[in-house]
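Asker: I'd like to ask some things about the structure below.
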Amino acid sequence: MGEGYLDNPHNFSEIDPYIIRNPKDAAKEILMAGKCFFYDACSFRKHLHVRETNYLFSFFAKQKGIVIITRGILMELASHSGYLNLEYIAYMKKMYMAGLKVFVIYEEDLFEVLNICFSANEKINVFLSWAVKNVKRPTGTIERTLKEDRSLLNEVIKNPAKDSRLYARFFQKVRYNKEAGDNLGEELLALCVHILGNIPEKEPFKYIVLTEDKGAIGLIGKARKNAFLYGKTNGFSAMTTNKLTQRLYEEKIINSKEQAEEILSAGAADQMVKIFASEKYDLEPKERTMTCSELAEKIAASDAIYINF
């Protein structure tokens, strides 16, 4: 494992009062939730700079949502020193104080969720196999891990194992091989939502990854197409803060250009944003660059822009 990366940050006990980490409790809550919001490290770091975080929390609550932080993302948040920064702890406390349920789970805990819905281990393990085949990158940590462990490669890719420990063996080995700058966090998030997308749901897009990373959005978009092609499901998607700000305006949680700009500019050094969007008479979306103020003005104007991400 790369230097500084730990499954359990040295000061994990400081977030313990504000989170839930029992796998069985997490499994039940994931199934009952209206939406499950998975934080990527970049969005987590951006959102803690929003002055009025209750705007965000109100949106999560309105969706009957829960917040999930996977161990892979927790490792990234604590990667510089092995400790979670005080502002990270404070943000988790704010979510807890706002009445949100925040879960810190190992990626392998998702087996518990699927085990409630499906009786056969083999079927659950096939879901992992499909997801890994679709999500792993040719030069990524998952690919390297499987090449180094031929037994795991066989059990995950070639001939999915039938036992209940495959998720634990796979995710633990991959996290152990985490290195700086390897983008493992986004690969693991895409795997998680791809796997969960196999669960039949009444409403589409139950599992939302909160991320600012265009690479992560591309990977999740690819996974979504794959899930629909083979399972005919639209179980998951991704949302940037730019898109989330527009949703806050649509839901009337915010109602002014100034409020939109405050959220968009949180943590942004140059006050510029890049978006992929359609304006009123566009035939297709395209990438645009503008100031936070300009985007906020378009969000506050009726039908002026549709933000994809």
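The values are calculated or read from the model by the stated rules, or taken from the named source; none is laboratory data. These figures come from a predicted structure and were not determined experimentally. Quick reminder, even Gly has a Cβ in these numbers, built from the backbone with ideal geometry, and neighbours come from all protein chains shown. In case anyone asks, the SASA skips ligands and DNA or RNA and just uses the protein heavy atoms, side chains included. Shrake-Rupley method; radii C 1.70, N 1.55, O 1.52, S 1.80 Å.
Asker: Mind checking the per residue accessible area of region 178-286 for me, 1.4 Å probe, whole number of Å²?
Answerer: On the way: 5130 Å² over 109 residues.
Each residue of region 178-286 exposes 47 Å² on average to a 1.4 Å probe.
Asker: Something else about it: Can you give the FRET efficiency for Ser256 and Ser13, using 1/(1 + (r/R0)^6), R0 = 51 Å, r = Cβ-Cβ distance, to the nearest 0.05? Before the final figure, lay out the partial values.
Answerer: On the way: r = 41 Å, r/R0 = 0.80.
Using R0 = 51 Å, I get an efficiency of 0.80.
Asker: What are the principal axis extents of the Cα atoms in the chain, in Å, biggest first?
Answerer: Answer, in whole Å and largest first: 56, 46, 36 Å.
Asker: Also, quick follow-up: When only alpha-carbon atoms count, how far does region 179-241 stretch along each of its three principal axes, as whole angstroms with the largest first?
Answerer: 38, 24, 15
Asker: Out of residues 5 or more away from Glu212 or on other chains, whose amide H comes under 5 Å of its own, with H placed 1.01 Å from N in the peptide plane?
Answerer: Distant-sequence amide H within range of Glu212: Cys42, Ser43.
Asker: Same structure again: For region 64-172, what does the accessible surface come to per residue with a 1.4 Å probe? Please give it in Å².
Answerer: Values: 4740 Å² over 109 residues.
Normalised by residue count, the accessible surface of region 64-172 is 44 Å².
Asker: Of the accessible area of region 190-232, with the probe set at 1.4 angstrom, what percent is carbon plus sulfur? Show your work: numbers first, answer last.
Answerer: On the way: 1160 of 1980 Å².
Here it works out to 59 percent.
Asker: How fast does region 1-152 diffuse by Stokes-Einstein, in µm²/s, taking the Kirkwood radius from C-alpha pairs at 20 °C and 1.002 mPa s? Walk me through the numbers before you get to the answer.
Answerer: Details: Rh = 17.0 Å.
In µm²/s, the coefficient rounds to 126.
Asker: Return the tail of the calculated pair distribution for region 53-127, meaning the percent of Cα-Cα pairs more than 19 Å apart.
Answerer: Values: 1440 of 2775 pairs.
Of the Cα pairs, 52 percent sit more than 19 Å apart.
Asker: While we're on this one: Per residue, how big is the convex hull of region 14-97 when only Cα atoms are used? Give it in Å³. Walk me through the numbers before you get to the answer.
Answerer: Values: hull volume 8.0 nm³, N = 84.
Convex hull volume per residue, Cα atoms: 95 Å³.
Asker: Something else: How much accessible surface area, in Å² rounded to 10, belongs to the heavy atoms of Ile199 with a 1.4 Å probe?
Answerer: 10
Asker: May I have the pair-distance distribution P(r) for region 113-160, computed from all Cα-Cα distances with 10 Å bins from 0 and rounded to whole percent?
Answerer: Each 10 Å bin holds this share of Cα pairs: 27, 49, 22, 3.
Asker: Follow-up question, since we're still on this one. How would Arg144, Arg288, Arg71, Arg51 line up by accessible area, probe 1.4 Å, largest first?
Answerer: Working: Arg144 70, Arg288 30, Arg71 5, Arg51 170 Å².
Ranked list, largest accessible area first: Arg51, Arg144, Arg288, Arg71.
Asker: Would you mind counting up the charge near Asp40? Only other residues with Cβ under 13 Å from its Cβ, with Lys and Arg at +1 and Asp and Glu at -1. Walk me through the numbers before you get to the answer.
Answerer: On the way: positive: Arg45, Lys46, Lys214; negative: Glu76, Glu186, Glu187, Glu212, Asp213.
Result for the local shell: -2.
Asker: May I pose another question? Give me the extension gain from Arg150 to His80: residue separation times 0.36 nm, minus the current Cα-Cα distance, reported in nm with one decimal. Provide the component values of the computation, followed by the final result.
Answerer: Details: separation 70, 0.36 × 70 = 25.20 nm, distance 3.19 nm.
Length difference between fully extended and current span is 22.0 nm.
Asker: What number comes out for the charge environment of Ala300, summing +1 per Lys or Arg and -1 per Asp or Glu over other residues with Cβ under 13 Å away? Each step should come with its number before you reach the end.
Answerer: Details: positive: Lys252, Lys257, Lys298; negative: Glu250, Glu258, Glu261, Glu262, Glu294, Glu297, Asp303.
Residues near Ala300 contribute -4 overall.
Asker: Could you work out how far the C-alpha centroid of region 190-207 sits from that of region 110-186, in angstrom?
Answerer: 17
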